[in-house]
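Below: one structure, written as structure tokens.
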Amino acid sequence: RGIVQGEGGMIRLETRSIEDYERDFLKDQFVASLQGHNWTEREDAIVGIARWLGFQRTGKLIKDTGKSLINGLIRDGRLETDASLIRRSK
């Protein structure tokens, strides 16, 4: 998922922060991390994308990025919302 990269027989960190990812990549990964078309709490979805990308903790930066991704994906029509719940659009 772009966290580590092989280089000359060695593995090195490709990204240290969620800020190191391109926004479109994050949007695609966020949608992929959701399971089917089930409703999910926004906060649970943010933790889910963090784990999906390999981050162990979800601090302020990841939470803020997750909220922004959710809002962008809703505007793009890729997510549906019902108060605090989200799911993939059908």
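The values are calculated or read from the model by the stated rules, or taken from the named source; none is laboratory data. What you are looking at is a predicted structure, and each value in this text was computed from that prediction instead of being measured. Note that each Cβ is placed from the backbone with ideal geometry, even for glycine, and that neighbours are counted across all protein chains shown. Surface accessibility is based on the protein's heavy atoms, side chains included, excluding ligands, DNA and RNA. Shrake-Rupley method; radii C 1.70, N 1.55, O 1.52, S 1.80 Å.
Taking the residues in segment 1-52 that are open to solvent by less than 80 Å² (accessible area, probe 1.4 Å), under 22 Å from Arg75 (Cβ atoms) and polar (S, T, N, Q) as candidates, determine which candidate is modelled with the highest pLDDT.
Thr40
Applying the selection to segment 48-79, what residues are farther than 17 Å from Phe25 by Cα and in contact with a Lys or Arg (Cβ under 9 Å, 6 or more places away or on another chain)?
Thr58
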